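Below you'll find the structure, written out as structure tokens, and then a few comments.
The values are calculated or read from the model by the stated rules, or taken from the named source; none is laboratory data. Note that the coordinates shown come from a computational prediction; the quantities given were computed from them, not determined experimentally. Glycine gets a Cβ as well: all are built from the backbone with ideal geometry, and neighbour counts include every protein chain shown. The protein model used for the area step is the full one, side chains on, heavy atoms only, and it has no ligands, DNA or RNA in it. Shrake-Rupley method; radii C 1.70, N 1.55, O 1.52, S 1.80 Å.
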Number of protein chains: 2
Amino acid sequence: MRFGIIGTGTVGRTLAAKLVSLGHEVTLGSRTKDNAAATSWAEQAGPYGHSGTFADAAAFGDVLINATAGTVSLKALRAAGAERLAGKVLIDVSNALVFSPTGEVTLDPVNTDSIAEQIQREFPDTKVVKALNTLSAPLMVDPGRVPGEHNLFIAGEDVEAKATVTAVLEQFGWPAGSVLDLGGVASARGMEMLMPFWLSVMRRFGHADFNYAIRKAD
Amino acid sequence: MRFGIIGTGTVGRTLAAKLVSLGHEVTLGSRTKDNAAATSWAEQAGPYGHSGTFADAAAFGDVLINATAGTVSLKALRAAGAERLAGKVLIDVSNALVFSPTGEVTLDPVNTDSIAEQIQREFPDTKVVKALNTLSAPLMVDPGRVPGEHNLFIAGEDVEAKATVTAVLEQFGWPAGSVLDLGGVASARGMEMLMPFWLSVMRRFGHADFNYAIRKAD
């Protein structure tokens, strides 16, 4: 399958590398065509790894991944172009963290809105699926880093799109039963609001090799 | 031990009943002395269960529990009286849910503040410990309702107060190792911001007999 990844940070490059290793073809898209992170990634990625602009990545992929910082996601997706996003599945991995000069981390949007909902509203012909924003990049593509059963969460309006995303997550090593569908895209709000808690737990453990497991009565 | 519980809703009454069953003495406090929920609870609770005003409950307890709705917690604690709260451990179980006419649920405060932080700022001589706001009332006092290992979280400035609270949670049936200390009271922000996610999971399962387990690399 062809993937277009919007964003060349740790998350984008980690997902790109995993997808290429699985035999998929990937274009890693950045704001400018000559972005060093993207071109150097593509140089070492082999024949199935390419770099380009946000628009190039969006045009290339059958499935798209928003791996930009949540605070700039809408801007990046506008640069990719609504016509290139239309009809496609867009996996939104973003978190909209705002870092204050005092070290405080907050979210924007939060509580009454989420990045995933903003994207879905602005690009109604795109099938937005919130996923993978609740854990570290290395763990996204290697669930065995954390022992035992633990969960991923997805939210989005399109049931087929969520099935497509779940199949990708299974290729990443997540058992299908570990992916909990929380319903429509409005549930992305709760997924994005997990981040302050996640940061507290990371500070407590001193590392990011942890994940949530939801335990329930039978 | 003597407990004063501020708030007569499901959470307050559930915790009160459990504490009495463990041999503790409890005053369940309400806004008015003749609150039906509090007096009828006390009537059937036996000699160790009492009812009274917020001030009565605060004066009575060695350990206090804020079990009011987060949106009215400060008002309730002001009615209890700063002088009666001073020097005591206050377990803050609240969530500040705001229900809109359209059925949307949001939090206030959120993101840049939390109820626990607001309480700690306004009552600096009280030892606020955020706890038990991340799960249903029946599960708070009966962790075996959900099989396997799962977690509670605490946050607060006072280490001894957190040890006191952990000991109470152990009496409720939580193994000491299941209580994860997330640090200072600012970490209550992340704990309170779990609520929208919790509501999504509850809608998904159709019941509230679930809890978070944090899985981590060894």
When you scan the range A:166-177, do you find a residue that is closer than 26 Å to B:His207 by Cα, aliphatic (A, V, I, L, M) and either at pLDDT 95 or above or under 17 Å from the mean Cα position of the chain (by Cα) (or both), even just one? no
Please count how many residues of the range B:1-55 are over 19 Å from B:Met140 (Cα atoms), in contact with a Gly (Cβ under 6 Å, 6 or more places away or on another chain) and part of a helix (DSSP H, G or I). 3
Within the range B:97-112, residues at the interface with chain A (Cβ under 9 Å from one of its Cβ atoms) and either among the polar types (S, T, N, Q) or more than 27 Å from A:Val105 (Cβ to Cβ) (or both) come out as B:Thr106, B:Asn111, B:Thr112
If we ask which residues in the range A:64-75 are touching a helix residue (DSSP H, G or I) at 6+ places or on another chain (Cβ under 8 Å) and under 18 Å from A:Ala137 (Cβ atoms), their number turns out to be 7
Pairs, please: C-beta under 7 Å, at least 6 apart or cross-chain, first residue touching a residue at least 40 places away in the same chain (Cβ under 8 Å) and over 12 Å from B:Val165 (Cβ atoms) and in the range B:116-138, second among the small types (Gly, Ala, Ser) and assigned to a loop (DSSP other than H, G, I, E, B)? B:Asp125/B:Ala86; B:Asp125/B:Gly87; B:Thr126/B:Ala86; B:Asn133/B:Ser94; B:Ser136/B:Ala208
Could you give me the residue pairs with C-beta distances under 9 Å whose first residue belongs to the range A:71-90 and is among the small types (Gly, Ala, Ser), whose second residue is modelled with pLDDT under 95 and surrounded by fewer than 20 Cβ atoms within 10 Å (Cβ to Cβ) wherever it lies, and which are 6+ apart or on separate chains? none
Suppose the filter is out of contact with any strand residue (DSSP E or B) (no Cβ under 9 Å at 6 or more places or on another chain), over 18 Å from B:Leu90 (Cβ atoms), open to solvent by 10 Å² or more (accessible area, probe 1.4 Å) and facing chain A (nearest Cβ under 7 Å); does B:Arg215 pass it? no
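A quick yes/no check of all residues on (1) farther than 19 Å from A:Val93 by Cα; (2) under 14 Å from the mean Cα position of the chain (by Cα):
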site	(1), (2)
A:Val20	no, no
A:Arg31	no, no
A:Glu43	yes, no
A:Thr68	no, yes
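May I ask you to list the residues in the range A:157-185 that are part of a helix (DSSP H, G or I), touching a helix residue (DSSP H, G or I) at 6+ places or on another chain (Cβ under 9 Å) and open to solvent by 30 Å² or more (accessible area, probe 1.4 Å)?
A:Ala167, A:Glu170, A:Gln171, A:Ala176
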Would you confirm, using the coordinates I've provided, whether A:Ser73 is assigned to a helix (DSSP H, G or I), among the hydroxyl-bearing types (Ser, Thr, Tyr) and out of contact with any strand residue (DSSP E or B) (no Cβ under 7 Å at 6 or more places or on another chain)? no
Anything in the range A:118-140 that is open to solvent by 20 Å² or more (accessible area, probe 1.4 Å) and more than 11 Å from chain B (Cβ to nearest Cβ)? List them, or say none. A:Gln118, A:Gln120, A:Arg121, A:Glu122, A:Pro124, A:Asp125, A:Lys127
Inspect all residues belonging to the range A:146-156 and state whether any of them is in a helix (DSSP H, G or I), in contact (Cβ under 8 Å) with a residue 24 or more places away in the chain and over 14 Å from the mean Cα position of the chain (by Cα). no
May I ask you to say which residue of B:Pro196, B:Pro147 is farther than 24 Å from A:Val105 by Cα, open to solvent by 10 Å² or more (accessible area, probe 1.4 Å) and within 9 Å of chain A (Cβ to nearest Cβ)? B:Pro147
